[in-house]
Amino acid sequence: MNEITAQHRIAHEPYYRPVADEVALFEAAYGAQMPVMLKGPTGCGKTRFVEHMAWRLGKPLVTVACNEDMTASDLVGRFLLDASGTRWQDGPLTFAARHGAICYLDEVVEARQDTTVVIHPLTDNRRVLPLEKKGELLRAHPDFHLVISYNPGYQSLMKDLKQSTKQRFGALDFSYPDHAVEVEIVAHEAGVDARTADKLVSIAERARNLKGHGLDEGISTRMLVHAGSLIAQGVAPVPACQMALVRPITDDPDMRDALDAAVTTFF
């Protein structure tokens, strides 16, 4: 990563259906150089929202899928050996800060706390990134913006953001949209008619009522789009829903029977 390329640009508008004032709030946060934290369940549109905002603002986007094996060097950079000798390779966070991109750390709580602490100097008035191995203090580009996301439903004492990290961000809460809005999204994204989308959303709403009562997580909007896409490809609705909605979220026979019954109620 040495320069902004086409892969960092969002060439076409990603479809995103606003559900409240999140677009205006994000634009205001960007203008104020306030880092933003997106909180909400998996598959509810957080990543699509960031892509849409990068396109809307005309800024390059660098996305990092966080995981427990990610080190600070993976974010910041490291020295590499090649045929010419030793050279420095910026990590995605450094690259974004240097070139004025939006850096999106997806599911940031999956990373170790000793890794995520490296973002602290970039998230206050200093807006700097110490590259200790290189002996450089990088001052963030004026257009640099840091966005993180996580699912509070999975947080625990061992896997949550430190308060010293949380309080550096403005936060936007995301959830599954209201029924009519979710029908609109599923119909658009999956290419199915509104009647089919309405049935899929109704199935999801029943499943979401079971969260904490046999299900760790409800059926997401993303999963509904998957089911709708199968139906649009000519798959019968019941097996499409079993494949895309029921089988991925539970292996419990009784819970599968309950969800299958919900599917057959609508289809």
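Would a scan of segment 208-216 turn up a residue that is small (G, A, S), at positive phi and in contact with an Asp or Glu (Cβ under 7 Å, 6 or more places away or on another chain)? Yes; the residues of segment 208-216 include at least one that is small (G, A, S), at positive phi and in contact with an Asp or Glu (Cβ under 7 Å, 6 or more places away or on another chain).
Filter segment 190-228 down to the residues that are part of a helix (DSSP H, G or I) and of a type in the set (K, R), then identify the one that is farthest from C44 (Cα to Cα). Looking at the filtered set, the residue picked out is R195.
Each row is one residue, and each column tells you yes or no for (1) more than 25 Å from G58 (Cα to Cα); (2) in contact with a Cys (Cβ under 8 Å, 6 or more places away or on another chain); (3) buried (at least 20 other Cβ atoms within 10 Å of the Cβ); (4) at pLDDT 95 or above.
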| residue | (1), (2), (3), (4) |
| --- | --- |
| A96 | no, yes, yes, yes |
| A101 | no, no, yes, yes |
| Y104 | no, no, yes, yes |
| A111 | yes, yes, yes, no |
| H141 | no, no, no, yes |
| M158 | yes, no, no, no |
| D173 | no, no, no, yes |
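Selection of segment 1-51 for residues being among the acidic types (D, E) and modelled with pLDDT of 95 or more yields E13, D21, E22, E27, E51.
Just one residue in the set R98, R48 is free of Cβ contacts under 8 Å to residues at least 60 places away in the same chain, under 24 Å from V19 (Cβ atoms) and not assigned by TED's automatic domain parsing to the domain that holds K211; that residue is R48. Could you say whether any residue in segment 171-179 is over 20 Å from the mean Cα position of the chain (by Cα) and charged (D, E, K, R)? Checked against the condition, which is being over 20 Å from the mean Cα position of the chain (by Cα) and charged (D, E, K, R), segment 171-179 yields no hits at all. Would you confirm, using the coordinates I've provided, whether F79 is of a type in the set (F, W, Y) and either loosely packed, with under 15 Cβ neighbours inside 10 Å or on the phi > 0 side of the Ramachandran plot (or both)? Yes.
Among the numbered conditions (1) touching a residue at least 60 places away in the same chain (Cβ under 8 Å); (2) crowded, with 17+ Cβ neighbours inside 10 Å; (3) under 19 Å from the mean Cα position of the chain (by Cα), the only one that P60 does not meet is (1). Go through segment 249-261 and report how many residues are exposed (fewer than 13 other Cβ atoms within 10 Å of the Cβ) and without any contact (Cβ under 8 Å) to a residue 40 or more places away in the chain. Residues that pass the stated criteria total 5. Quick one: would you say S220 is more than 14 Å from V263 (Cα to Cα), crowded, with 16+ Cβ neighbours inside 10 Å, over 17 Å from the mean Cα position of the chain (by Cα) and not assigned by TED's automatic domain parsing to the domain that holds C103? Judged against the criteria, S220 is not a match. From S164, S149, which residue is among the polar types (S, T, N, Q), over 17 Å from the mean Cα position of the chain (by Cα) and either surrounded by fewer than 21 Cβ atoms within 10 Å (Cβ to Cβ) or within 21 Å of Y16 (Cβ to Cβ) (or both)? It is S164.
Screening the candidates V238, V225 for the property of being in contact with an Asp or Glu (Cβ under 7 Å, 6 or more places away or on another chain) and either without any contact (Cβ under 8 Å) to a residue 12 or more places away in the chain or among the β-branched types (V, I, T) (or both) yields one hit, V225.
Inside segment 31-46, can you point out the residues that are surrounded by fewer than 19 Cβ atoms within 10 Å (Cβ to Cβ) and assigned to a helix (DSSP H, G or I)? Correct list: G31 only.
The values are calculated or read from the model by the stated rules, or taken from the named source; none is laboratory data. Please read all numbers here as calculations on a predicted model, not as lab measurements. Virtual Cβ from ideal backbone geometry, glycine too; neighbours counted across all protein chains shown.
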